[in-house]
Amino acid sequence: MGARSVEDSSAVVDALRGGGADGLSAVYDRWSPLVYSLALRALGDVTRAEDVTKQVFTELWTGRGSVEPGHASFSAWLIELACARIEDARAATGAVPGASTEAGRAEGSGEGRSRPVVLAERLVLADGLSHLDPVPQRVLRMILDDLTPAEVAARTGLSVEDVKSQVASSLIQLRQRWEVPTDAH
Amino acid sequence: MHTDPELLALLALGEEVGSEADREHVRSCPVCAAELAELQHVVTLARGAADLAMSDPDPRVWEAIRTEIRGVPTQSPEGAVDVRELAVHARLTPVAAGWSAATGDAELGTDAQGRRVLQVTLHADLPAAGIRQAWLLHRTDPSRRQTLGILDGRHGLWTVEHAIDLDEFGILDISQQSIGSTEHSGDTIVRGELVPAA
């Protein structure tokens, strides 16, 4: 069948509705590291992070008749579901994240956003960045490392205009993948 | 007229771009200023994310999911049917231009009494007239057909008698039919091959 792209909502819905367990497998391969990494950092426990991951993807499967292909950013939708299950896991054990988990450390950052949102933002961004096409990804990473467009051009053989255009386009792509999860519960 | 998104992206990265008029617009326009702020936030996150490593879950998590979904009923408006051991499924696609926007999916499992149960869901704009009928076509001789039953709107749910060999009759076909006709109309909406579920 070949590698199936499951980057956006319609591709995911297509895979889940039409592809059977193979479709879910493709969605799982692409998106489980993001869900698992978030759960692991938020809960600080491998077993509980694995349980959250299993719950999220099982729910994705059982509810696939009602997943909305029109929702622009699949990662935002998935993260919202993952955050809800992470909160359920916390509530179930009565645990409050202490300084020993990354969630606890993030609270001290004083950014004015609540803990799960901070973690989710960083991970969604990292996930988006690592899934850009290879050349634009490399170009963006160099710019983020504070190389000038001229220096990047010299190293890659691209023109300065192409470097700027690629970098802008990559940033817009990351921006579109990103919707701030509302934490207004 | 708002600022070009690429220009905003480059400004967010700290590049010296755009005319004085562009920069003045961004300063004074709430929409563009908000978009610039959002892009700057993405840049900040990206700088921090460059070294952030993702962890892969242990393979046992996928195994647990597979085990779980084998026994899970498909959601349908009629309510969940207790179907276990999902064995076979089909992805249904159109064969004629007139139905090009239609799709469907089908799942065959076993119920608590050991009967084979086939569930079908159509995603299509259906005409008000006529009915939709499901057939199993012979894999090598499509003129040989076994009727399964009539759909209720976009959904179908039937038991499949064990005497029907799915290795022979393994193509699911959904047709648009006039009420009272006994033969396949020739107007297939979607069709697909029943294949083992992973």
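For this structure, a couple of remarks:
- Check on residue B:86, under 26 Å from residue A:16 (Cβ atoms), modelled with pLDDT of 90 or more and crowded, with 17+ Cβ neighbours inside 10 Å: no
- Just one of the listed residues (B:141, B:111) is away from every other protein chain (no Cβ under 14 Å), over 14 Å from residue B:191 (Cα atoms) and surrounded by 13 or more Cβ atoms within 10 Å (Cβ to Cβ), and it is B:111.
- Helices (runs of 4 or more DSSP H) completely within the stretch B:1-72 that count 3 or more residues being touching a Leu at 6+ places or on another chain (Cβ under 7 Å): B:5-12, B:30-49
- Yes/no for residue B:146 being more than 14 Å from every other protein chain (Cβ to nearest Cβ), within 22 Å of residue B:101 (Cβ to Cβ) and part of a strand (DSSP E or B): no
- Checked against the criteria, residue B:125 counts as acidic (Asp, Glu) and loosely packed, with under 12 Cβ neighbours inside 10 Å.
- Verdict on residue B:184 being in contact with a Ser or Thr (Cβ under 8 Å, 6 or more places away or on another chain), in the same structural domain as residue B:113 (by TED's automatic domain parsing) and outside any strand (DSSP E or B): yes
- Of all residues in the stretch A:137-149, those satisfying the criterion of being part of a helix (DSSP H, G or I) and more than 8 Å from chain B (Cβ to nearest Cβ) are A:137, A:138, A:139, A:142.
- The lone criterion from (1) touching a residue at least 24 places away in the same chain (Cβ under 8 Å); (2) more than 10 Å from every other protein chain (Cβ to nearest Cβ) left unmet by residue A:34 is number (2).
- One residue from B:182, B:188 being more than 18 Å from the chain's Cα centre (by Cα), closer than 16 Å to residue B:123 by Cβ and among the β-branched types (Val, Ile, Thr): B:188
- In the stretch B:93-116, the residue that is modelled with the lowest pLDDT out of those that are farther than 20 Å from residue A:14 by Cβ and touching a Leu at 6+ places or on another chain (Cβ under 7 Å) is B:109.
- Output for the stretch B:168-179, where each listed residue is modelled with pLDDT of 90 or more and either in a strand (DSSP E or B) or more than 24 Å from the chain's Cα centre (by Cα) (or both): B:168, B:169, B:171, B:172, B:173, B:174, B:175, B:176, B:177, B:178
The values are calculated or read from the model by the stated rules, or taken from the named source; none is laboratory data. Please read all numbers here as calculations on a predicted model, not as lab measurements. We place every Cβ from the backbone using ideal geometry, glycine too, and count neighbours over all the protein chains shown.
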